Amino acid sequence: MSRHRLIATLLVYKGDVVQTRRFKRTNMVGSAFAAVEFFNAWAVDEIMVLEISDDDRFRDHFLEIVEELSRRCFVPLTVGGKIADLERVRAYTRAGADKVVINSGALRVPGLLEEVAAGYGSQALVVSIDARPDAAMPSGYRVMIGNGREETEFDAIDWARRVVARGAGELMVNSTEHDGNKRGYDLELTRRVAAAVDVPVIAMGGVGDWQHMVDGIVEAGADAVAAGNIFHYTEHSTKKAKEYLIAKGLDVRIPTFYKISLPRRPRYRTQSVGR
Amino acid sequence: MIQPMVSVAIVDYGLANLRSILNALSCFDVTVRLAESGGDLAQADKIVLPGVGAFDKAMEGLRGRGHEAALNEAVQGRGVPFLGICLGLQVLFERSEEGQGRGLGWLAGTVRRFSAAEVKVPHIGWEATEMKPGARLFAGLQNPSDFYFVHSYYAPNEGEAAAAASGVCRYGSGFVAALERDNIFAVQFHPEKSQLAGLRLIQNFLTL
């Protein structure tokens with residue numbers, strides 16, 4: 001069993017990092033570069049960057065951002081947003097993604113997950129599931145796509161099993177009602193998904209204090225916990241989050257500070273870079 | 001101190017995504033070159049062999065581009081410091097359960113696949129690596145330290161691998177997470193994705 005991971009999530013809207021609440025944008029919090037530099041300095045185990053603009057006009061801009069981020073990201077980098085074919089997966093990977101996240105594309109594009117898993121391996125494929133409480137569904141949760149705005153016919157647990165069978169190596173679970181509400185993850189949803197599949201599950205959406213992360217792991221059985229908003233507003237936030245998880249006895253990577261004699265900015269004297 | 005203008009060659013055999021290791025090496029005050037064929041290794045002060053993908057394909061790529069002979073000459077012959085990463089550790093052995101063909105064979109032994117009956121395969125995530133005292137690659141690092149792993153095959157902690165092991169990991173029946181013998185260094189984890197501990201390790205290699 002590998003350690004529980006702390007994941008920092010950046011949402012990029014038209015080139016800016018933003019916050020969301022119930023899938024609606026609220027504040028702009030600044031540049032992705034500053035955020036990643038900040039996360040890197042402390043205790044985050046993985047960084048996730050998601051493109052959430054309304055249309056695809058910012059594709060190239062986003063790719064540049066990912067490429068620039070990857071230069072300063074020395075933990076695994078997961079990238080998602082608007083993946084509807086292998087070409088986009090290639091583009092994200094070439095820009096520096098170690099894994100990709102697929103949400104709506106898993107439903108809209110038959111065969112997509114299978115292709116990505118065959119080409120890059122399941123370990124590089126995260127499927128993100130957004131769900132809304134719905135008494136009409138067997139599990140009580142309905143899958144939503146299109147940034148949480150579009151209803152599907154799928155039950156969340158049934159969908160989780162299907163995408164794992166199609167090649168997902170990891171699932172990320174977010175509730176449209178908890179996103180940005182600071183009241184914690186939807187533990188019931190997370191618990192039911194984690195119990196239904198044997199791949200790692202990432203809890204996402206709603207962290208308002210560090211205890212919510214502990215609840216995600218201990219109460220809901222999540223392998224990894226993700227948050228975005230909270231990290232932007234707390235000084236030394238990822239370090240504090242990590243220290244809290246450690247104090248609660250959870251098995252997480254203990255970050256150690258090493259003095260590295262790096263130039264202040266990466267220097268590029270690379271020659272014959274053909275890719 | 002890193003010697004000024006140390007020239008580091010990253011072995012490019014056409015398969016691996018080299019961006020991450022390129023990014024990490026570029027943080028330091030060294031010149032980084034992608035070696036697209038064996039001839040490009042002749043001038044290198046240090047050689048890094050990254051790797052993802054499959055054992056046989058990697059070896060085909062290394063042979064097809066003249067890297068195998070050039071690596072033997074530079075690393076075995078001239079003693080150029082060498083760092084293999086992930087698959088770059090596995091190809092140092094004679095064989096792997098992943099393929100039919102031969103590896104570089106610098107170390108005797110066979111690379112094995114994790115048993116899905118015992119552990120999750122692939123092994124992915126942060127894992128503690130226990131270091132042997134005096135390991136040059138781990139100088140100044142806390143023991144144990146966490147590094148980031150993504151792999152389905154491993155070098156068992158036995159025979160020549162055990163003799164060269166500088167770090168081991170308790171996953172499955174345990175495996176060699178890092179090894180060093182003379183000028184040959186290799187790690188199963190990804191130092192370029194292992195935060196400050198990984199950068200420190202890369203710095204150690206560059207300052208050898």
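The values are calculated or read from the model by the stated rules, or taken from the named source; none is laboratory data. Note that the structure is a prediction, hence the values are computed from the model and not measured. All Cβ positions, even for glycine, are placed from backbone atoms using ideal geometry, and neighbour counts span all protein chains on display.
Taken as a whole, the stretch A:88-108 holds no residue that is assigned to a loop (DSSP other than H, G, I, E, B), out of contact with any Asp or Glu (no Cβ under 8 Å at 6 or more places or on another chain) and away from every other protein chain (no Cβ under 14 Å). When we screen A:V173, A:V164, A:V126, A:V143 for residues that are hydrophobic (A, V, I, L, M, F, W, C) and part of a helix (DSSP H, G or I), the only hit is A:V164. Taking first residues from the stretch B:101-125 that are without any contact (Cβ under 8 Å) to a residue 12 or more places away in the chain and part of a strand (DSSP E or B) and partners that are crowded, with 21+ Cβ neighbours inside 10 Å and among the hydroxyl-bearing types (S, T, Y), no Cβ contact under 6 Å between residues at least 6 apart in sequence or on separate chains turns up. Hey, can you tell me all the residues within the stretch B:139-160 that are buried (at least 19 other Cβ atoms within 10 Å of the Cβ), touching a helix residue (DSSP H, G or I) at 6+ places or on another chain (Cβ under 7 Å) and farther than 20 Å from A:D45 by Cα? B:Y153, B:A155, listed by residue number. Give the residue that is farthest from A:R21 (Cα to Cα), with candidates limited to residues of the stretch A:134-155 that are modelled with pLDDT of 95 or more and under 18 Å from the mean Cα position of the chain (by Cα). Selected residue: A:V143.
Only one of the listed residues (B:G109, B:G88, B:G103) is within 17 Å of the chain's Cα centre (by Cα) and on the phi > 0 side of the Ramachandran plot. That residue is B:G109. Of the residues making up the stretch B:39-75, those that are small (G, A, S), crowded, with 21+ Cβ neighbours inside 10 Å, modelled with pLDDT of 95 or more and outside any loop (DSSP other than H, G, I, E, B) are B:A70, B:A74. Could you count how many residues in the stretch A:64-81 are under 14 Å from the mean Cα position of the chain (by Cα) and either assigned to a loop (DSSP other than H, G, I, E, B) or away from chain B (no Cβ under 14 Å) (or both)? Of the residues in the stretch A:64-81, 4 are under 14 Å from the mean Cα position of the chain (by Cα) and either assigned to a loop (DSSP other than H, G, I, E, B) or away from chain B (no Cβ under 14 Å) (or both).
Name the single residue that is surrounded by the fewest Cβ atoms within 10 Å (Cβ to Cβ) among those in the stretch A:39-71 being aromatic (F, W, Y) and modelled with pLDDT under 90.
Here is the first cut: in the stretch A:39-71, the ones aromatic (F, W, Y) are A:39, A:42, A:58, A:62.
Filter once more, keeping what is modelled with pLDDT under 90: A:39, A:42.
On the way: A:F39: 23, A:W42: 21.
Among residues in the stretch A:39-71 that are aromatic (F, W, Y) and modelled with pLDDT under 90, the one surrounded by the fewest Cβ atoms within 10 Å (Cβ to Cβ) is A:W42.
Can you work out which of the residues in the stretch B:5-30 that are without any contact (Cβ under 8 Å) to a residue 60 or more places away in the chain, outside any loop (DSSP other than H, G, I, E, B) and more than 9 Å from chain A (Cβ to nearest Cβ) is farthest from A:D98 (Cα to Cα)? Looking at residues that are without any contact (Cβ under 8 Å) to a residue 60 or more places away in the chain, outside any loop (DSSP other than H, G, I, E, B) and more than 9 Å from chain A (Cβ to nearest Cβ), I get B:S7.
Select from the stretch A:180-231 the residues that are surrounded by fewer than 19 Cβ atoms within 10 Å (Cβ to Cβ) and touching a residue at least 60 places away in the same chain (Cβ under 8 Å) and list them in ascending order. Within the stretch A:180-231, A:N181 is the sole residue that qualifies. Within the stretch B:121-142, if we keep just the residues that are in contact with a strand residue (DSSP E or B) (Cβ under 7 Å, 6 or more places away or on another chain) and away from chain A (no Cβ under 11 Å), the residue that is nearest to A:R253 (Cα to Cα) turns out to be B:T129.
Against the list (1) among the charged types (D, E, K, R); (2) more than 13 Å from chain A (Cβ to nearest Cβ); (3) more than 19 Å from B:Q188 (Cα to Cα), the condition B:D56 fails is (3). With the structure loaded, tell me whether B:E180 is part of a strand (DSSP E or B) and under 22 Å from B:L71 (Cα atoms) or whether it fails that test. Yes: the conditions hold for B:E180.
Just one of the numbered conditions (1) surrounded by 17 or more Cβ atoms within 10 Å (Cβ to Cβ); (2) away from every other protein chain (no Cβ under 14 Å) is not true of B:C86: (2).
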